[in-house]
Amino acid sequence: MTASSVGKPLDRVDGRLKVTGTATFSAEVAVANVAHAVIVGATISKGKITALDVGEAQRVPGVVAVLTHLNAAKVPGADKPTEMTDKVVQVLQNDAVLYDGQPIALVVADTLEHASHAASLVKATYAAEAAICEMDKEIGAGFAPKAAPGRPPPDSNRGDIDAALATAFARVDATYTTPCENHNPLEMHATIAVFQGEDHLTLYDATQGIFGLRKRISKAFDLKPENVRVISHFVGGGFGSKGSAWSHVFLAAMASRATGRAVKLSITRQQMFAFVGYRPQTIQQVTAAASKDGTLVALRHEVTSATSRFDTFAEPSANVTRMLYACPNVKTSHRLVRLDVATPTFTRAPGEASGSFALESALDELSYSLKMDPLALRLKNYAETDPDEKKPFSSKTLRDCYTQGAAKFGWSKRKPEPRSMRDGNWLVGFGMATATYPSRQSAASALARVKKDGSAQVLAGSQDIGTGTYTIMTQIAADALGMSVERVHFDLGDTTFPETPVSGGSQTASSVGSAVKRAGMAVRTKLIDLAVKGKGGPLNGMSAEQVDAEAGVLVSKQDRTKSDSYEAVLARNGLDQIEEKIDEKEKAERKDHSTHAFGAHFIEVKVDPDFGEVRVSRVVSAFAAGKILNRKTARSQFIGGIVWGLGLALHEHTERDPRTSRVVTKDLADYHVPVHADVPDMDIVMVDEVDPYVNEIGAKGVGEIGIVGVGAAIANAVYHATGKRVRSLPITLDKLL
Amino acid sequence: MKPFAYSRETGLDHALARGKEDGVRYLAGGTTLIDLMRLGVEEPSTVVDLRALPLRDIKADGDGVQIGALATNTEVAYHPLIAKAYPVLSEALLSGASPQLRNMASVGGNLLQRTRCSYFRDPSSPCNKRMAGSGCPALDGYNRSNAILGVSSSCIATHPSDMAVALLALDAVVHVRGGGGERAVPMGDFHVAPGSTPAVETALQKGEIITHVTVPASPFAQRSHYVKVRDRASYAFALSSAAVALDVSGGVVKSARVVLGGVATKPWRATEAEAELVGKPPTSMSFDAAGAAAVRGAVPRTHNAFKVELAKRTVARALRDLVGKA
Ligand SMILES: Cc1cc2nc3c(=O)[nH]c(=O)nc-3n(C[C@H](O)[C@H](O)[C@H](O)COP(=O)(O)OP(=O)(O)OC[C@H]3O[C@@H](n4cnc5c(N)ncnc54)[C@H](O)[C@@H]3O)c2cc1C
Ligand code: SF4
């Protein structure tokens, strides 16, 4: 057998391109005769545009067009989403303003400088109406969202929670809140739209889903899907915000059609806070109750999240409560309130990140009521099978995460009393929380091809949003093809390649990886067949089972001196190449299993007793996520998730002016994320786990689980350090003074 | 960004002549100016680059030190004449921004940096400082980072500089050149509270150029310290800061400086706090009393009320650390 590449910490195959600045991101693609577009955003949050003065803007030299609702073409599909990731977009179709920063005009010019200057000269007059953004005041108007197709229902109820609560020994009732958070990947959303004639469109777009984008745009513009090509070779982070086609993509296409030119539209950092989604604010009520020995008898988790006036995205924060612990009586619900704000969307671990803050904080509170170690409480209520789906787990190695993580962290040194540990002047606290994330798989296709020079080309639509998709797919393909990674070229990011799902829900490795593996294996099988059954050659006449593939050479298992290279097989049979395309479906065994990755965070914080400044001083996190495809890129995903969790716990919050509903904190000076000085070294434990059911490659996906539970682990550590329970994120120092 | 003309002047008199024209802005490191131009808050028609002027030296000045207006924040912070003799200045500079920004930012520009009030930085929002008479949305809007001292009903914007807080504690003097020649403005008179004219932030007249800053020798300069409290470990403006300096002899405080940052509309000298300290032994009790005195008269609002307690503690802690350090 070829030495396996999968699992090795292979450096990113695109690493050199990235660090030398030669990876071409969407806005950098060289397109001839490109015009630059800049969006003008509304400066009210609700009302109507009564007048738009574009005269001055049009007089700026180089301006090609100014699109407004008065002259823009109709896009009938704009407000008709059909897929889960589709959004209602605002693309100059009428005079209504629904939120702050909504696009109200688009200026197209020969240079970015001219376009942005002209954009600043567009003058809008409004009939403004009172806009509402204070969620707590609207909570009475909460309504149940419709269940999204293929997604869990908004409400759940098992057992009899009221009866259980009546007899519980210890009980916690608390309200937890999480703020609005904006994704803010390093790369802002960007599109270059190129209409060729009336019915062919090419989009170079920073997207997490080239095929979803193609479907949405082709429908909205009434184009044949095959006439729309989406290309996205590199994406500088998405985190969910790039999973949907937002207004700017439509606008770029409209502008290209209207001007007959290629149009580039890269939104500004301020606009990242306006119309490309965010994690919505939540208010979560949790009741957790246990008997004297710590056995959970009841969990209730009622979630309300905020949404816009025109869309119904609900943050599914309570789903995690349904399955994480073996509790017989569990009731959960999700409600929405409408505000005069832009529409929220998926944000790294949507639901799990925010919901685990509430659930895992409540469990911590319960542990103090019970005078029980927080980790012991989790172990006491370990779910051996999925209590919600009532199925066995495809694999679950959470117990090892708890024990290995706790041992490495030194959890046993925790003194149970809050405010009992110090390091000089600093108060020290330990906190822990469980992490979990569903392991999804969607249908995906891939094509593998071995060429006569003995190299391989492997193609799958897909996207690399910075996670390492290029790298792990190269590794999977190399192993499947029986080749070394150096000879395998994997390419992605083009709708002319085989169809794949959105890079969201931590499903790319699982879905695309399975297809790539099977495509590679299929080509290898064909090559072996040719070697044993085709024209001549040293292996001719053997059975296929007797042949191994090793670094692009077929070898007889019995007599290793007998070998035949891929080049030789192809040449002898007069072939330029051999290829196979595979359409991979969800693995059949998944139906009978619950599929989740698990983990545990152990975190130490130091809190300044005078100022309430919180510093995370140590992190040990253990994860069991099936097969780890590349220890280096996987670690990067875990630590990336944890760093964001640190931001979620301590820093991030988007603030609106309560009187106008306008965003106040709209750049990275006002909207804080962790800087290096906030992030300690992190110790990541990857627990071995073999999962034969989850998918063809046994990998569970590592993109999102890192963030889950970090908010609670830090809040729990802060409580342990200070004796102050903060139930409202982020934990800024004013809450600890 | 509005298109603008750019010129680079090599002589001070030429630059001053240009400065008299309408719509001219001087450029030093550009970390405030270019940022605000991008946002559409500043819209100069001409940018006059000062960086070729010979105003970058840091040198001894009698017993004190003279710092050229174009010296970078980094150069000042690490200069041997500063780091030892004026620790508070070095500490304040190094607590600000990031290394990249400090490498660009100049002393003159730092003194003249504008407030970080989010409404000021958004030209689509009203703001008395940016557009006289348009109103102050921070008063009843989102005001977590705004000031509690030196405020008026027109403006509650915080002065964001760390360096200026330290310079005020050190009795520094700002030297400026204008059409009428040279003037020396004590730090205490350089920044002005908003009152009813929040657009006026300093004593600098139109077209004047800051040439240098002098910092005198003083009995307390060497025993000085800066403490900055912020929302993350680094790269954030102060929620509250304090520059403190003490001259202690015979177990009694002879003279003291307590200056607050992050909580006031200008670098805020807390003379009442200083009075609490002078004539007494430097003890925790008098440090707490100084903290309490420092925030007397504070006007908290919805989101920044915590700054009253925070500033109090910042002063007491800075003094405690200073005495502990010595
Ligand atoms: C992201 C970020 C974070 C920051 N964090 C901090 C922080 O934590 N603490 C802190 O104190 N500061 C912070 N700053 C502000 C920074 O210190 C200032 O932007 C910088 O000091 C300004 O200096 P400059 O030379 O770049 O000024 P410029 O931008 O060049 O000029 C600023 C103003 O001063 C005028 N000017 C400049 N020099 C002269 C002169 N010699 N005579 C007359 N007028 C002059 C210009 O016309 C302009 O109006 C931060 C800035 C940024 C962008
Ligand atoms: S506080 Fe000052 S700067 Fe801020 S909005 Fe009010 S007037 Fe403008």
Exactly one condition in (1) within 14 Å of chain A (Cβ to nearest Cβ); (2) without any contact (Cβ under 8 Å) to a residue 60 or more places away in the chain is false for B:R301; which is it? (2)
Out of the stretch A:668-695, which residues are away from ligand 1 (no atom under 16 Å from the Cβ), within 14 Å of chain B (Cβ to nearest Cβ) and either of a type outside the set (V, I, T) or over 11 Å from B:A233 (Cα atoms) (or both)? A:P680
What are the residues in the stretch B:115-134 that are near ligand 2 (Cβ under 8 Å from one of its atoms) and more than 24 Å from B:L101 (Cα to Cα), if any? B:S125, B:P126, B:C127, B:N128, B:K129, B:R130
Does A:L459 meet the test of being under 25 Å from the mean Cα position of the chain (by Cα) and touching a residue at least 40 places away in the same chain (Cβ under 8 Å)? no
Residues within the stretch A:473-508 that are within 28 Å of A:D548 (Cβ to Cβ) and open to solvent by 20 Å² or more (accessible area, probe 1.4 Å), tallied: 7
Looking at the stretch A:651-667 only, could you name the residues that are within 30 Å of A:N630 (Cβ to Cβ) and either surrounded by fewer than 21 Cβ atoms within 10 Å (Cβ to Cβ) or at the interface with another protein chain (Cβ under 7 Å from one of its Cβ atoms) (or both)? A:H651
Going through A:V664, A:V614, A:V607 one at a time, which residue ends up being assigned by TED's automatic domain parsing to the domain that holds A:Y402 and without any contact (Cβ under 8 Å) to a residue 12 or more places away in the chain? A:V664
Of all residues in the stretch B:276-291, how many are within 14 Å of chain A (Cβ to nearest Cβ) and not hydroxyl-bearing (S, T, Y)? 3
Looking at the stretch B:39-54, can you tell me whether even one residue there is more than 24 Å from the chain's Cα centre (by Cα) and either within 16 Å of ligand 2 (Cβ to nearest atom) or of a type in the set (F, W, Y) (or both)? no
So is B:M1 within 14 Å of chain A (Cβ to nearest Cβ), among the hydrophobic types (A, V, I, L, M, F, W, C) and assigned to a helix (DSSP H, G or I) or not? no
Residue count for the stretch A:458-482, restricted to those that are touching an Asp or Glu at 6+ places or on another chain (Cβ under 9 Å) and either among the small types (G, A, S) or more than 13 Å from A:G7 (Cβ to Cβ) (or both): 11
Residue ranges of strands (runs of 3 or more DSSP E) in the stretch B:198-294 with at least 1 members closer than 30 Å to B:D49 by Cβ and either in contact with a Ser or Thr (Cβ under 8 Å, 6 or more places away or on another chain) or in contact (Cβ under 8 Å) with a residue 40 or more places away in the chain (or both): B:209-215, B:252-261
In the stretch B:102-120, the residues that are within 11 Å of chain A (Cβ to nearest Cβ) and within 11 Å of ligand 1 (Cβ to nearest atom): B:R116
Count of the stretch B:121-137 residues which are open to solvent by 30 Å² or more (accessible area, probe 1.4 Å) and within 11 Å of another protein chain (Cβ to nearest Cβ): 3
Inspect all residues belonging to the stretch B:246-260 and state whether any of them is surrounded by fewer than 21 Cβ atoms within 10 Å (Cβ to Cβ), among the β-branched types (V, I, T) and modelled with pLDDT of 95 or more. yes
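Each row is one residue, and each column tells you yes or no for (1) of a type outside the set (S, T, N, Q); (2) surrounded by 15 or more Cβ atoms within 10 Å (Cβ to Cβ); (3) free of Cβ contacts under 8 Å to residues at least 40 places away in the same chain; (4) within 16 Å of ligand 2 (Cβ to nearest atom).
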site	(1), (2), (3), (4)
B:S7	no, no, no, no
B:T10	no, no, no, no
B:H14	yes, no, yes, no
B:R56	yes, yes, yes, no
B:L70	yes, yes, no, no
Restricting attention to the stretch A:157-187, which residues are buried (at least 16 other Cβ atoms within 10 Å of the Cβ) and under 16 Å from the mean Cα position of the chain (by Cα)? A:E181, A:N182, A:H183, A:N184, A:P185, A:E187
Filter pass, B:D231 being within 14 Å of ligand 1 (Cβ to nearest atom) and either at pLDDT 95 or above or of a type in the set (F, W, Y) (or both): yes
Checking the conditions here, which among B:K312, B:K307, B:K325 is open to solvent by 60 Å² or more (accessible area, probe 1.4 Å), within 14 Å of another protein chain (Cβ to nearest Cβ) and in contact (Cβ under 8 Å) with a residue 40 or more places away in the chain? B:K325
Keeping to the stretch A:288-322, report how many residues are over 24 Å from A:G140 (Cβ atoms) and over 21 Å from the mean Cα position of the chain (by Cα). 13
Taking the options A:A634, A:A717, A:A622, A:A712, name whichever one is within 19 Å of the chain's Cα centre (by Cα), modelled with pLDDT of 95 or more and crowded, with 24+ Cβ neighbours inside 10 Å. A:A634
Test for A:T287: is it surrounded by fewer than 21 Cβ atoms within 10 Å (Cβ to Cβ) and in a strand (DSSP E or B): yes
Does the stretch A:6-24 contain at least one residue that is in a helix (DSSP H, G or I), open to solvent by less than 30 Å² (accessible area, probe 1.4 Å) and closer than 30 Å to A:E550 by Cβ? yes
Here are B:D189, B:D140: which of them is within 14 Å of chain A (Cβ to nearest Cβ), open to solvent by 40 Å² or more (accessible area, probe 1.4 Å) and not hydroxyl-bearing (S, T, Y)? B:D140
Residue check for A:A78: assigned by TED's automatic domain parsing to the domain that holds A:F195, among the aliphatic types (A, V, I, L, M), more than 26 Å from A:V664 (Cα to Cα) and assigned to a loop (DSSP other than H, G, I, E, B): no
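Residues checked against (1) over 28 Å from A:T654 (Cβ atoms); (2) open to solvent by 40 Å² or more (accessible area, probe 1.4 Å):
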site	(1), (2)
A:A193	yes, no
A:Q196	yes, yes
A:D199	yes, yes
A:K219	yes, yes
A:F234	no, no
A:L251	no, no
A:S256	yes, no
A:F273	no, no
A:G277	no, no
Quick check: anything in the stretch B:156-167 near ligand 2 (Cβ under 8 Å from one of its atoms), more than 30 Å from B:A221 (Cβ to Cβ) and either open to solvent by 20 Å² or more (accessible area, probe 1.4 Å) or of a type outside the set (G, A, S) (or both)? yes
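The values are calculated or read from the model by the stated rules, or taken from the named source; none is laboratory data. Remember, predicted model here, so these are calculated numbers, not experimental data. A quick note on method: Cβ atoms are made from the backbone with ideal geometry, for glycine too, and the neighbour counts reach across all protein chains shown. Accessible surface areas use protein heavy atoms only, side chains included; no ligands, DNA or RNA. Shrake-Rupley method; radii C 1.70, N 1.55, O 1.52, S 1.80 Å.
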